[in-house]
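Here the structure is laid out as structure tokens; the discussion comes afterwards.
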Amino acid sequence: MSQDALKKQAAEAALDYVEGGVIGVGTGSTVNHFIDALAGIKGRIEGAVSSSEASTERLKRHGIPVLDLNAAGELSIYVDGADESNAQLQLIKGGGGALTREKIVAAASKTFVCIADESKLVQVLGKFPLPVEVIPMARSYVARELVQLGGTPIWRENFITDNGNLILDVHNLEIVEPMTLEQQINNIAGVVTVGIFALRPADVLILGSAAGPRSLK
Ligand code: 5RP
């Protein structure tokens, strides 16, 4: 099966977690499959809170109401993809650059259902370059601080986040203590969000595989 078919399989399996009300929806190619599948049961939900302009547009194209998080209160579930997950369901996210809104919606949700193809499950996080969203004037300063932490930050050129900020992709990190590193990077002045989701990990990870979807909790 292709990687895309495995993403679709995981995305469709996540429909079992949709019970109604307002749900949180992430960003990326796996989530695009989820949004397409959600369209088939859209009568069951009141609407969605979206983590990016791209997902908002796709949801609206399917006629799924998009709500402001401030008007929605706590969300029952949040469904989103990941760039990497370890066995503790601590994640690297932000390959699509939507990490800040993703972290907010994940924080505001009772259950975080992560969907991915099985290649995303790793022993140690960090092979995928770690995205960090930064305020533009702090780019070089934050990059120097990230070098102090052992990483090699590369500016994602020609990319502006939905919040008007920049992304540094940090290579060569072996993230053995995800919660500690998440806090350390978040504490650097000028960092908006780091793409480690360890303080609030996923609650369920659905992996698409040749043998069918499997869930880790
Ligand atoms: C976007 C993300 C995505 O969830 C992550 O990049 C995975 O993307 P895909 O589903 O396309 O593999 O964090 O910011």
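The values are calculated or read from the model by the stated rules, or taken from the named source; none is laboratory data. Being a predicted model, the structure only gives us computed values, none of them experimental. Counting neighbours? That spans all protein chains shown, and the Cβs are built from the backbone with ideal geometry, glycine included.
Within segment 93-125, the set of residues being within 15 Å of the ligand (Cβ to nearest atom), assigned to a loop (DSSP other than H, G, I, E, B) and more than 15 Å from the chain's Cα centre (by Cα) comprises V122 only.
Going by what's in this entry, would V170 be described as modelled with pLDDT of 95 or more and surrounded by fewer than 22 Cβ atoms within 10 Å (Cβ to Cβ)? It would help to see each step written out before you state the result.
Details: modelled with pLDDT of 95 or more: yes; surrounded by fewer than 22 Cβ atoms within 10 Å (Cβ to Cβ): no.
Here the answer is no, as V170 does not meet what is asked.
Filtering segment 51-81 to residues that are within 19 Å of V192 (Cα to Cα) and under 16 Å from the mean Cα position of the chain (by Cα) leaves S51, S52, E53.
Which residues, counting only those in segment 143-153, are in contact (Cβ under 8 Å) with a residue 24 or more places away in the chain and in contact with a helix residue (DSSP H, G or I) (Cβ under 9 Å, 6 or more places away or on another chain)? If you could, list the steps in order and put the result at the bottom.
Initially, segment 143-153 is screened for residues in contact (Cβ under 8 Å) with a residue 24 or more places away in the chain, giving 143, 145-146, 149.
Within segment 143-153, E145, L146, L149 meet the criteria.
Applying a threshold of 8 Å to beta carbon distances and a minimum spacing of six or more residues, or different chains, the list of pairs starting in segment 73-93 at a residue that is in contact (Cβ under 8 Å) with a residue 60 or more places away in the chain and on the phi > 0 side of the Ramachandran plot and ending at one that is among the hydrophobic types (A, V, I, L, M, F, W, C) and surrounded by fewer than 20 Cβ atoms within 10 Å (Cβ to Cβ) reads L89/V204; L89/L216.
Select the strands (runs of 3 or more DSSP E) contained entirely in segment 139-208, then report the ones holding at least 1 residues which are of a type in the set (G, A, S).
Values: elements: 152-155, 166-171, 191-194, 204-208.
Hits in segment 139-208: 204-208.
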